[in-house]
Amino acid sequence: MRYQISGKQIDIGMALQTHVQNELNAVVQKYAERPTDANVTFSKDAHEYVCETVVHLSTGLTAQARAHETEIYAAFDKCADKMEKQLRRYKRRLKDHHRDRSQPVESLGVSAYVLASEDHAEDAEPESLQPMIIAEIEAKVPSLSVGEAVMQMELAGAPVLVFRNEGREGSVNIVYRREDGNVGWIDPS
């Protein structure tokens, strides 16, 4: 597994990097098969250290956790505990799902755009109906089953996930978290 351990405006010593690699490797190897890479970022927020961890698995799932504590090692340990809890839950779900994926998830590269919000008064007419693009981001659309898409959305803590449905020959689908707490699924005909 490849590790990228960095600090935002703080120095990360070799002892902390070794601790992160050993502990994260133990957690990930216990619950996940074939992890590809892990990004661990430390930062400081007022008097607390913040640890953000993202682990990419060969199955296409991305697990992420975030924790903050007054000590940098404690912040990482708390983050690793959250990661372990997530991976344990989703491994149990995969076992219950009776589906092992032998091949990595295919992803389609797409462009995502950030549009400027319109702060117009109620009576004001917009100058143009064309929105102003303020950022362009490279994104990936994975090929997943609906169950895997819901799992990926919950694992990432995202409100919505766009994916290509494996069961319908790659048609683009969307799963999203509804206000009532349930999950919605949009499957265009």
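All of the numbers you see were taken from the coordinates with simple rules; none came from a lab. On a predicted model such as this, the values are computed, not experimentally measured, just so you know. Every residue, glycine among them, receives a Cβ derived from its backbone with ideal geometry; neighbour counts consider all protein chains shown.
Of the cross-linked pairs 44/85; 8/85; 44/140, those separated by over 28 Å at the C-alpha level are 44/140. A cut-off under 11 angstrom between Cβ atoms defines the neighbours of residue 64, and their net charge, with Lys, Arg +1 and Asp, Glu -1, is +1.
A Förster radius of 41 Å, combined with the Cβ-Cβ distance separating residue 3 from residue 130, puts the computed FRET efficiency at roughly 0.40. The percentage of C-alpha pairs in the chain whose separation is greater than 26 Å is 46%. Here segment 1-77 is treated with +1 on each Lys and Arg Cβ and -1 on each Asp and Glu Cβ, and its dipole about the Cα centre works out to around 280 debye. Full extension of the segment from residue 143 to residue 41, taken as 0.36 nm per residue of separation minus the current Cα-Cα distance, would add 33.9 nm. As a ratio to 2.2 N^0.38 Å, the alpha-carbon radius of gyration computed for segment 6-68 takes the value 1.18.
Restricting the trypsin sites (Lys or Arg not before Pro) of segment 1-66 to loop positions (DSSP other than H, G, I, E, B) with no more than 13 neighbouring Cβ atoms within 10 Å leaves 8.
Remark on segment 107-186: ratio of C-alpha radius of gyration to 2.2 N^0.38 Å is 1.40.
Simple point charges give the picture: +1 on the Cβ of Lys and Arg, -1 on the Cβ of Asp and Glu, and for the chain a dipole about the Cα centre of about 1360 debye.
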